[in-house]
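> Pasting a structure below so you can have a look.
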Amino acid sequence: MSLPATFNFAAHLFELNRARADRTAYIDDRGPLAYGELAQRARQLAGALRAAGLRREERVLLLMHDTQDWPVSFLGCLYAGLVPVAVNTLLTRDDYAYMLAHSRAQAALVSGALMPMLQAAMATQGHEVGTLIVSQPQGALPAGATDFEQALAAAEPLAAPAPTTPDDPGFWLYSSGSTGRPKGTVHTHGNLWWTAELYGKAVLGLTERDVCFSAAKLYFAYGLGNALTFPLSVGATVLLMAERPTPDAVFQRWTRAGPKPTVFFGAPTGFAGMLASPRLPARADVALRMCSSAGEALPGEIAQRFKAHFGCEIIDGIGSTEMLHVFISNRPGDVRYGSTGKPVDGYEIALRGEDGGPVADGEVGDLYIRGPSAALMYWGNREKTRDTFQGGWTKSGDKYVRDADGYYTYAGRSDDMLKVSGIYVSPFEVEATLMQHPAVLEAAVIGTPDAEGLTKTKAFVVLKEGASASEDELKSFVKERLAPYKYPRLIEFLAELPKTATGKIQRFRLREREQA
């Protein structure tokens, strides 16, 4: 498989679905959007941004909930040769201020409900946003901002796509790190095509008859594949949901009148929550033929209970922001519960020991991947880029074990990063925030498994002499200062933390304490 010298992913999708102009591409809470309308609206947005003076490869911050306007915005930017920077909608003012400055975004596309947060971020430090377009505004628009619908209506559709190449920067996603600020991960136009071919089609077997629904939002690498790249590459229909993917919200989409999802994309924490719900739908009320899971290791017991109830498999796999989507996966009809499966065709996997050499089957090794969807770099961060992207190989930071049959099983992280509900959390960031509390002397954060085998954050806290603070008080303190999903679910107070002779906290001792 190869791509032509000139390749624009948005133009590729529009041409691919030209004959499906009247077929439904997206359904959100406002109603359906046909493939022809998707292409027209994206080309109008491309025209609006270029008319506003934006030039090839300039960045556009994309801070939007999952509605039809998200794929219109993303594809419109790609079509114009601009670079959408898709960001998490759950972050703080300071996170967005950093991303605006770091990406040097010249424009921002934002949902009305998120406009106050973006305004607060823009007020904290310098930014270069000259064009601000607001989707579904709530109340009066800020000075200089334009309503999304009005921007499209006033624009001439861009006549032809930007003549990008498969290796041209296409979009950014921000990847969390164990220390420091998130890293701007730069992906190409071609990377989207490769994930659709190697995983969406070859492993999941999606077709135009499918109705796809992803609990993971479009700003995640996982959600971007699930709800845009894969379904649009085969002409399928996608259900979008702007609200949080609570069990009740998911069940409503599974069972309501109209096209019902045939393929659902979730994460283990979500599947566990659904199985625990007293409102779990009956098998006869849903149309699911397959589910996909990624973001954190899927406990086999959850997958087996789900299949027993609904009669469909959960296909578990592992991907990363740096590789864009899944590169090791179980397959329909070949699921080994508790494992992550086998390498996706087109990707090479290596497990390396501390000496850099290969490890034997049954031994834990650091996971490296080689494949065509790897990111180009971390923007403006040569040190981290060189550490992660090593020649043709990408260092994942995960540890894995391969068995004699070639199945891979997750064995933890190489660093202290935690996956909570499928999203990375840095223990260092949570610890530093806890230590801002006037009563806290020291803090250490680890992951601990719950009854379902899923990771929850736990903080061990040492209070200053004579000071007092409750568990709920410290949880609220962190929630007010970090994205809400980062707060520790459990807090235990200790007289002192285990440390090395040089004073470094020994988190492994705390993990051993939990296991005991």
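The values are calculated or read from the model by the stated rules, or taken from the named source; none is laboratory data. All figures in this text were calculated on a predicted structure; none of them were measured in a lab. For neighbour counting, all protein chains shown are included, and Cβ atoms are generated from backbone atoms with ideal geometry for every residue, glycine included. The accessibility values were calculated without ligands, DNA or RNA, using every heavy atom of the protein model including side chains. Shrake-Rupley method; radii C 1.70, N 1.55, O 1.52, S 1.80 Å.
> I'd like the GluC sites (Glu not before Pro) in region 307-367 restricted to DSSP loop residues with at most 14 other Cβ atoms within 10 Å, sorted by number.
Passing both the DSSP loop test and the Cβ count: E354, E363.
> If the only charges are +1 at each Lys and Arg Cβ and -1 at each Asp and Glu Cβ, what is the size of the charge dipole of region 70-188 around the Cα centre, to the nearest 20 debye?
Approximately 320 debye in magnitude.
> Hey, what D do you get for region 87-153 in µm²/s if you plug the Kirkwood alpha-carbon radius into Stokes-Einstein at 10 °C and 1.306 mPa s?
Numbers: Rh = 12.0 Å.
Translational D for this selection: 132 µm²/s.
> If a/c stays under 1.5 just call it rounded; otherwise compare a/b with b/c (prolate if a/b is bigger, oblate if not). Do that for region 195-338, with a ≥ b ≥ c from the square roots of the Cα gyration tensor eigenvalues.
Because its axes are fairly even, with a/c under 1.5, region 195-338 counts as rounded.
> Leaving out ligands and nucleic acids, note down the accessible area per residue over region 428-516 with a 1.4 angstrom probe, in whole Å².
With the other protein chains kept in place, region 428-516 gives 54 Å² per residue.
> What is the distance, in nm, between label points placed 7 Å from the Cα along the Cα-to-Cβ direction at R386 and at Q125?
Once both label points are built, they end up 2.5 nm from each other.
> Which of rounded, prolate, oblate describes region 6-129, given a ≥ b ≥ c as roots of the alpha-carbon gyration tensor eigenvalues and a/c under 1.5 marking rounded, otherwise prolate only if a/b is larger than b/c?
Oblate.
> Something else now. Return one whole number: the accessible area per residue of region 343-423 in Å², for a 1.4 Å probe.
Accessible area per residue: 49 Å².
> Return the subset of K475/K499; K419/K479; K183/K499; K183/K479 for which the Cα-Cα distance in this structure is over 20 Å, preserving the input order.
K475/K499; K183/K499; K183/K479
> While we're looking at this one, here's another question. Starting from the 7 Å offset along Cα-to-Cβ, what nm value, one decimal, do you get for the label separation of T409 and A516?
That separation, rounded to one decimal, is 2.5 nm.
> How big is D for region 427-485, in µm² s⁻¹ as a whole number, if Stokes-Einstein is applied with the Kirkwood radius of its Cα pairs at 10 °C and 1.306 mPa s?
So the translational diffusion coefficient is about 132 µm²/s.
> About the Cα centre, and with charges only on the beta carbon of Lys, Arg (+1) and Asp, Glu (-1), how big is the dipole of the chain? Nearest 20 debye, please.
That gives the chain a dipole magnitude of about 380 debye.
> For region 65-141, what does the accessible surface come to per residue with a 1.4 Å probe? Please give it in Å². Mind dumping the intermediate values first?
Values: 2300 Å² over 77 residues.
Averaged over the residues of region 65-141, the accessible area is 30 Å².
> How much accessible surface does E197 have with a 1.4 Å probe, in Å² rounded to 10?
Using a 1.4 Å probe on the heavy atoms, I get roughly 40 Å².
> Between L90 and D355, what is the label-point separation in nm under the 7 Å Cα-to-beta-carbon projection?
Those two pseudo-labels are separated by 4.3 nm.
> Moving on. In region 450-473, which residues have a backbone nitrogen under 19 Å from the label point lying 7 Å from L490's Cα in the Cα-to-Cβ direction?
Flagged as within label range: 450-463, 470-473.
> Right, here's the next one. So if I take the alpha carbon set of region 359-516, get Rg, then get Rh from the Kirkwood formula, what is the Rg over Rh ratio?
Working: Rg = 18.3 Å, Rh = 17.8 Å.
Radius of gyration relative to Kirkwood radius: 1.03.
> Per q in 0.21, 0.23, 0.24 1/Å, what log10 I(q)/I(0) does a Debye calculation on the alpha-carbon atoms of region 286-390 return?
Here log10 of I(q) over I(0) equals -1.14, -1.25, -1.31.
> Next up: From the helices alone, meaning DSSP H stretches of at least four residues, give me the mean residue ellipticity at 222 nm for the chain, per-run term -39500 (n - 2.57), in deg cm²/dmol to the nearest 500.
Taken over the chain, the calculation gives -8000 deg cm²/dmol.
> Below 8 Å between Cα atoms, with a sequence gap of 6+, how large is the relative contact order for region 195-241 in percent?
45
> Determine the percent antiparallel among the DSSP beta bridges restricted to the chain, to the nearest 5.
Of the beta bridges lying entirely in the chain, close to 55 percent run antiparallel.
> Here is a further query. Cα to Cα, under 22 Å, and not fewer than 8 places away if on the same chain: which lysines meet these conditions relative to K307?
Cα-Cα hits under 22 Å: K260, K342.
> Name the residue farthest towards the positive end of the dipole of the chain from the options L62, S175, L376, assuming +1 on Cβ of Lys and Arg, -1 on Cβ of Asp and Glu, about the Cα centre.
Positive-end residue among those listed: L62.
> Using every Cα-Cα pair within region 159-214, state what percent have a distance larger than 12 Å.
Taking all Cα-Cα pairs of region 159-214, the fraction more than 12 Å apart is 76 percent.
> If a/c stays under 1.5 just call it rounded; otherwise compare a/b with b/c (prolate if a/b is bigger, oblate if not). Do that for region 38-91, with a ≥ b ≥ c from the square roots of the Cα gyration tensor eigenvalues.
Oblate is the answer for region 38-91, as a/c is 1.5 or above yet b/c matches or exceeds a/b.
> Return the inverse of the average 1/r over all pairs of distinct C-alpha atoms in the chain, which is the Kirkwood hydrodynamic radius, in Å to one decimal.
Numbers: mean 1/r = 0.0420 Å⁻¹.
About 23.8 Å, per the Kirkwood formula over Cα pairs.
> Counting other Cβ atoms within 10 Å of each Cβ, which trypsin sites (Lys or Arg not before Pro) in region 1-101 have at most 13 and sit in a DSSP loop? If you can, show how the numbers build up before the last one.
Values: sites: R18, R20, R23, R30, R41, R43, R50, R55, R56, R59, R93; in loops: R23, R30, R55, R56.
Listed in order of number, the matching sites are R30, R55.
> Follow-up question, since we're still on this one. Give the dimensionless ratio obtained when the Cα radius of gyration of region 370-448 is divided by 2.2 N^0.38 Å.
Working: Rg = 16.8 Å, N = 79, 2.2 N^0.38 = 11.6 Å.
Its radius of gyration relative to the 2.2 N^0.38 Å reference: 1.45.
> Per q in 0.13 1/Å, what log10 I(q)/I(0) does a Debye calculation on the alpha-carbon atoms of region 161-256 return?
-0.56
> At a threshold of 8 angstrom on Cα-Cα distance, excluding pairs fewer than six apart, so keeping six or more, what relative contact order does the chain reach in percent?
This gives 11 percent for the chain.
> Share of region 396-516's accessible area from carbon and sulfur, percent, 1.4 Å?
Carbon and sulfur together cover 48 percent of it.
> Roughly how big is region 176-335's charge dipole about its Cα centre, with Cβ charges of +1 (Lys, Arg) and -1 (Asp, Glu), in debye to the nearest 20?
Computed about the Cα centre, the dipole is about 300 debye.
> Given a Förster radius of 51 Å and the C-beta distance between F508 and A160 as r, what FRET efficiency does 1/(1 + (r/R0)^6) yield to the nearest 0.05?
It comes out at approximately 0.35.
> Please give the Cα centre distance for region 138-200 versus region 433-484, rounded to the nearest Å.
36
> Restrict the search to region 165-218; then list the trypsin sites (Lys or Arg not before Pro) that DSSP places in a loop and that have at most 16 other Cβ atoms within 10 Å of their Cβ.
On the way: sites: K183, K201, R209, K217; in loops: R209, K217.
Sites meeting the loop and neighbour criteria: R209.
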